[in-house]
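Take a look at the structure set out below.
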Amino acid sequence: MVMAGLQGFEYAEPTTLEEAIDTLANSEGARILAGGTDLVLGMRERKFEPRIVVNIKRIPGLDRVQIGEHGDLRIGALATINAIDSSERVRTAFPILATAAHSLGSYQIRNRATVGGNLCNASPAADTAPPLVALGAVVKIAGPREDRIVKLEDFFVGPGKTVLSKSEILVEIVVPGTPEGSYGAYLKHGPRNAMDIATVNAALMCTLSGHRCGDARIVLGSVAPTPMRARKAEEAIRGKPVDEDTVRKAAELASEECSPISDVRASAEYRRAMVKAVVRRLFRNALQSKSAKREA
Amino acid sequence: MTVTLEIKKYTAVGKSIQRVDALEKVTGRAIYGDDIRFPDLLYGKVLRSPYAHARIKSIDTSEAERVPGVKAVVTGKDAPFRGGEAIRDQPFLAVGKVRFAGEAVAAVAAETEKIAEHATGLIRVEYEQLPTLFDVLEAMKPEAPRIHEELHTYAHMPIVNPIPNTNICAKFEFNQGDIEKGFKQADHVFEETFTFPTGHHCQIEPFMAIAQADISGRITIWVPNDAPHRLRKDLADAMGVPFERLRVISPPYMGGGFGGKGGLKVEMVCIALAMHTDYRPVKIVLTREETFTSSLMKHQAVVTVKTGVKKDGTIIASQSKLIYNTGAYAEKGPTVTLHGCESGVGPYRIPNVKVEGFTVYTNRPVAGALRGYGLPQSSFAHESLMDMIAAKMGWDPVEFRLKNALEEGSINPTRGDVLTSVGLKECILKAAKAIEWGKPRPPNRGVGIACEYKATKTPSGSAAFIKVENDGGVSVITSAVEVGQGIKTILTQIASEELGVPVERITVTSPDTDYTPFDASTTASRATFHMGNAVRLATKDAKEQIFALAAPMLGVSPEELEAVNGDVRVKGGSKKMTIAEVIRGKYRAGHTILGRGSYYPEIQGTMFSARSIFYMYGAQAVDLEVDPETGKIRVIKIAAAHDVGKAINPKACEGQIEGGVVQGMGTAVFEEVKFDTSGNMLNPNFRDYRIPTASDAPEIVPIIVEATHDEGPFGAKGIGEMTLVSTPTAIANAVYNATGIRIKELPVTQEKLFNSLKDRNA
Amino acid sequence: MKRVVRFRVNGEQKTAHVEVTKTLLDVLREDMFLTGTKRGCDSGECGACTVLLNGQAVHSCLVLAAELDGKDVLTIEALSKDRRELHPLQKAFIEKGAVQCGFCTPGLIMTAKALLDENPNPTEEEVRYGVSGNLCRCTGYSKIVEAILTAGEEIRRCNK
């Protein structure tokens, strides 16, 4: 593999969504350019060899981060990771998403990378996927026909693959407001304290009354072909008190139901073991944020 | 311990003046190799072998040659030379066979990089794969495939002695006392084997070179290489031409070297192309990936240490067998092995010593000089064993070391020479104190210490000119390379001190073998000492010439004069003249005062065979915390104490310590080269070959110890290499202290530590 | 395929006819001779190529030249017009001894500038995390962090 300059491609810069969809529909081998932090690198490594690169950043209105009157969060697909990381409102209302955004790449990458790009690149280790799935996010997809809404947890099909057809564009991510008593956490485990692609990353959203867990969503990254709900683990803790035993049981189940691979970063066995540690810590952190809130 | 008395108050030396190159660097105006361009520049790209060991059956470059814009396509036969300082074993491009995945097989020079890349992709090579050999112990076996069938025909340095018909290209031995008797006298004997991993230097500036042949066939090369004169010689030896047919020019600055940018790397293929482009210059810049696979790696090593101690804590005998995996070509492997052997049993008073070192070929990428030059490998072994012994015997690791540490007048346990200027105990004590050794720590928290000593390359020479201009300005002309360590600043300070000229009026040249006099190399932590001495001598020479001119002008004898602040003045009096006035006083029509200085230690022996002109000593202590649930290590603090003789620029010394320590930490906990089964590197990028970021670097306490050296400039010795030698072992020792887990193979990644903890708890 | 882009570099309006396969880093170094910005890895992993794009620190090796139309680029060369007007970061890097080989320095200073522009009073941890996308192999980061914190103080003092 020769790491080289970029190979020849056509370049398009549509200024409307319709124009973009049209270009995608009428081209073979097109790839969408958002932040470019995955695409340009992938092109240099010959992972992607697009015939045409479609830069959608000229399309207005796709980069907003807004909290609606019902507390729901609407993230334009082109909102940068840094926009999420530095949003006081996101940090307050959806802290696990802000934490995940903060942990992605470098400051320079966060300034360019977009939420939409992070999701559409569909790395199993994507940082924004677990918290958004844990928050029950849905994505709005524009295409040649009507817009469609897809639950984010159904959006990913495999490593690098989503449900998007070749002429569809992810335009918005909608995160419903969290119910009263919701707490969560996001953890990213890697060897260094910055810059790593996760060995294991995971998000938790749960409702807690006292120490009893109401509903729970546990979402694991880097340990399956796509970000995945650890449903057996969720089942084991739903409605139960959040104590050492139940958390341990949930963590074990999560560890069993994932399917990590061994790669250059870590072995499957270590990943499985880390799922256990990470899930335990997710609950610990969620409880801590609950007591912190009470004390505040 | 040497007691130093500051009789004289220095004006420039010993001061943390601002680095003379900092302004250019912070404004983006500093010129590095890739910033250099010429109007008719061609761009080169290299085709590299995907196989670790294969015969080249055929190479078809015809399609590549036809691409518009391509000016030259070369293969091994177009530059039929072999080079290598220790052993002349490396062809400029592969001939007959390839010996590592990433070896240069063909190259293209074209009008643009894109065209060169495209054309490279059109070259067809037919390979016949051969059995690969990656394991260094396997490679030593008699039945192992031969990587260099013609080993016995290669020219080599006197000190290097390849064993014909094997993969062992060098073997070294040090013996003192009687090792067998020593072990018999011991109360306890311990033996362990340790493995040190390969790794990469990760200079942020990738490797590059520009080469041009002129109409007479003379070749000029612009290259960030840490030893321009040595490079010229290496090329001259390889190509069979006299020195004057070659010219090596250093770009003003190098973006990090750490030993890697020495010897023959990109230079070879760049020159091969330049010889066939109709006199147009060719630039090759390696990609980051190529920099990982095809420049230089650190030696992987397997080291077995056996040490015998007496009940009272003294070490009576120590034996070390060191096997260095030098990869496909010897490069500096032999002398790296030699240095590793030289410090093979540690900085201790040991009467009975036997050290054996082997430099062994495998089909791995070429390994060579890395900061520390063989010591990180050997130190990891004996300094880990020291702690294992201490643990078994119930001794404190600091006390055990202090009890045996070398001191002023001790005998070097390997070479047997008498040691002076020995600051070791002070280093150990200060490092231990700074880490609060002995303070009780919570569970999963631990401290570790390691110490070492290192020789420099001896004998080796440096020469310098000092040019004093008509207006009193001074030019320091040397071949010392500014690799980032601050040598230009150090030499400025030394010249300023000696000639009494303010630092603002002094400039330091960059090397150009046509103009700047010989320097052995900017390696082995030798520049401050050797080039510093040469500059000091040259400055003294210039000063004496100026005094000889000034004396009659001031009506005194030269002995009554001193040089202060750009003036020549009568000692204790008020009469003075500026240096400019003195020169103009004699040479109204203009002239130059040329001082020359040459420093070559008066020590018998060929290079590397003699005792060292100075030794550096250091000790590092680490405080860290282990997360038992994940195996992740958090290094909290590193206290590093280094005996530099005299700190010419204390802040620069601190900078070297801080940088080295973090490099050492990377080796210990993060950095791991991964290969696939065919010998290709799986992680030739910063994503998956992880070096410490600012978020990973711990609190660092740099401590300067000064055991002045009589022959060093103002008492100075050296520092650069020592600063990363002890860090990995101090970390491994701290891990043991925190968890009871003994790591015998680095790196201690989180996964490895987690597994060890799991196994221990099972 | 080529494309005409009109953008500002260091305050100067430029018009460039660029190959779409070129990156901002290529254009800066090769076409505009602004070699202060360095190429370390071409993969957005070392930070040596960092410049400010519309005031934000970015890896210029990951920005396509074709997307520069209407944009504002600031490189290390424009932080100070001449020696007398060094930016507080440049002064601090010199004074604190935060420069060794210097190859990472331009990228680091640009990242630090963007960081301080966004957060004028960062903690040490925030500084370290903020420059984690700039790899340095020489300094161990201690003096770099010190320099950035010092520069931050200086900038706040001047802005009072």
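Laboratory data are not the source of any read-out in this text; all were calculated from the coordinates shown. What you see is a predicted model; the values in this text were computed from it and never measured. Cβ placement follows ideal geometry from the backbone for every residue including glycine, while neighbour counts extend to all protein chains displayed.
A simple spin-label model places the labels of B:Ile163 and C:Gln13 7.5 nm from each other, with each point 7 Å out along Cα-to-Cβ.
Applying 1/(1 + (r/R0)^6) with r as the Cβ-Cβ distance of C:Asn121 and C:Lys160 and R0 = 22 angstrom yields a FRET efficiency of 0.95.
Label segment B:89-242 by shape, choosing from rounded, prolate and oblate, from the square roots a ≥ b ≥ c of the eigenvalues of the Cα gyration tensor; if a/c is under 1.5 it is rounded, and otherwise prolate applies when a/b is larger than b/c, oblate when it is not. It comes out prolate by the Cα gyration axes.
Legend: calculated FRET efficiency, B:Glu629 to B:Glu150, from the Cβ-Cβ distance at R0 = 41 Å, rounded to 0.05, equals 0.15. For segment A:65-175, the share of DSSP beta bridges that are antiparallel, to the nearest 5, is 100%. Under the simplified labelling scheme, the A:Ala292-B:Glu191 pair shows an inter-label distance of 5.6 nm, with each label point 7 Å from Cα along Cα→Cβ. Taking every residue in C:87-99 and counting other chain Cβ atoms within 10 Å of its Cβ, the average works out to 5.
Of all DSSP beta bridges confined to the protein assembly as shown, the antiparallel ones make up roughly 80%.
Look at B:Lys586, A:Lys290 and count the other Cβ atoms within 10 Å of each Cβ; fewest to most, that gives B:Lys586, A:Lys290.
In this structure the amide hydrogen of B:Leu746, modeled in the peptide plane, comes within under 5 Å of the amide hydrogens of B:Thr195, none closer than 5 places in sequence on its chain.
Here the peptides B:363-370, B:414-421, C:63-70 are ranked by packing, the mean other Cβ count within 10 Å, and the order with the highest first is B:363-370, C:63-70, B:414-421. Taking label points 7 Å from Cα along the Cα-to-Cβ direction, B:Lys571 and B:Ala548 give a separation of 2.0 nm. Here the convex hull built on the C-alpha positions of segment C:83-159 has a volume of 84 cubic angstrom per residue. Along the axis of the charge dipole computed for chain B (Cβ charges of +1 for Lys and Arg, -1 for Asp and Glu, origin at the Cα centre), the listed residues B:Val725, B:Asn649, B:Thr326 are led at the positive end by B:Asn649.
Across peptide B:213-224, the mean count of Cβ atoms from other chains lying within 10 Å of each residue's own Cβ comes to 0. Dividing the helix sum by the residues of chain A, where each DSSP H run of 4 or more adds -39500 (n - 2.57), gives a mean residue ellipticity at 222 nm of -10000 deg cm²/dmol.
Considering only B:Val336, B:Gly259, B:Ala450, the residue lying farthest towards the positive end of the dipole of the protein assembly as shown is B:Ala450, judged by Cα position with unit charges set on Cβ.
Just from its helices, what would the mean residue ellipticity at 222 nm be for chain C, if runs of 4 or more DSSP H residues each count -39500 (n - 2.57) and the sum is divided by every residue, rounded to the nearest 500 deg cm²/dmol? Taking each H run of at least 4 residues, the total per residue is -9000 deg cm²/dmol.
Seen from B:Leu753, the other residues with C-beta closer than 10 Å to its C-beta sum to a net charge of +1, counting Lys and Arg as +1 and Asp and Glu as -1.
Dimensions of segment A:1-123 from C-alpha coordinates, computed as largest minus smallest value along each principal axis and given longest first, are 45, 34, 19 Å. Segment B:Gln129..B:Thr304, full-extension length gain: 59.6 nm, with 0.36 nm per residue of separation and the alpha-carbon distance subtracted. Starting from the Cα gyration tensor of segment A:10-55, take the square roots of the eigenvalues, sort them a ≥ b ≥ c, and report rounded, prolate or oblate (rounded when a/c is under 1.5, otherwise prolate if a/b is larger than b/c, else oblate). Oblate. With the convex hull drawn around the C-alpha atoms of chain C, the volume per residue stands at 108 Å³. Dipole size of chain B about its Cα centre, with +1 on Lys/Arg Cβ and -1 on Asp/Glu Cβ: approximately 560 debye, rounded to the nearest 20. Calculated FRET efficiency, A:Arg284 to A:Glu69, Cβ-Cβ distance, R0 = 35 Å: about 0.55 to the nearest 0.05. Loop-resident trypsin sites (Lys or Arg not before Pro) (DSSP state other than H, G, I, E or B) in segment C:46-119 with no more than 14 further Cβ atoms inside 10 Å of their Cβ: C:Lys81. Across segment A:263-273, coupling constants 3J(HN,Hα) worked out from phi with the 6.51/-1.76/1.60 Karplus curve, θ = phi - 60°, read 9, 5, 8, 6, 8, 4, 4, 5, 4, 4, 5 Hz, and Gly and Pro carry x.
For segment B:630-762, a simple Cβ point-charge model (Lys and Arg +1, Asp and Glu -1, everything else neutral) yields a dipole of about 540 debye relative to the Cα centre.
Pairs of Cα atoms in segment B:399-550 fall into 10 Å distance bins, from 0 up to the last occupied one, in shares of 10, 28, 23, 21, 13, 5, 1, 0 percent. Inter-chain Cβ neighbour count for B:290-296, averaged per residue, equals 1 (cutoff 10 Å, partner chain atoms only). Note on chain A: Cα-Cα pairs beyond 32 Å make up 25% of the total pair count. Percent of Cα pairs in chain B per distance bin of 20 Å, from zero to the largest separation: 17, 48, 30, 5, 0. Loop-located trypsin sites (Lys or Arg not before Pro) across segment B:65-157 with a Cβ neighbour count of 12 or fewer within 10 Å are B:Arg66, with loop assigned by DSSP. Peptides A:256-267, B:252-263, B:740-751 ranked from most to least packed by the mean count of surrounding Cβ atoms within 10 Å: B:252-263, B:740-751, A:256-267.
Counting neighbouring beta carbons within 10 Å and listing from fewest to most, the residues A:Met195, B:Met616, A:Met228 come out as A:Met228, A:Met195, B:Met616. In plain terms, the chain from B:Asp471 to B:Ile215 could stretch by 88.2 nm, reckoned as 0.36 nm per residue minus the Cα-Cα distance. Rg/Rh, computed from the Cα trace of the protein assembly as shown with Rh as the Kirkwood radius, has the value 0.97. Restricting the trypsin sites (Lys or Arg not before Pro) of segment B:265-329 to loop positions (DSSP other than H, G, I, E, B) with no more than 13 neighbouring Cβ atoms within 10 Å leaves B:Lys310, B:Lys311. Listed by number, the DSSP H helices of chain B that run 24 Å or longer by alpha-carbon position along their axis and have mean Kyte hydropathy of at least -1.0 are B:375-393, B:532-554, B:650-669. For n ≥ 4 DSSP H runs only, could you compute -39500 (n - 2.57) per run for chain B, divide by its residues and tell me the 222 nm figure to the nearest 500? Here the helix-only value at 222 nm equals -7500 deg cm²/dmol. Along segment A:102-110 the Karplus relation, 6.51 cos²θ - 1.76 cosθ + 1.60 evaluated at θ = phi - 60°, assigns HN-Hα couplings of 4, 8, 7, x, 10, 4, 5, 5, 4 Hz to successive residues, with x for each Gly and Pro. Note on segment A:65-175: with charges restricted to the Cβ of Lys and Arg (+1) and Asp and Glu (-1), its dipole about the Cα centre is near 240 debye.
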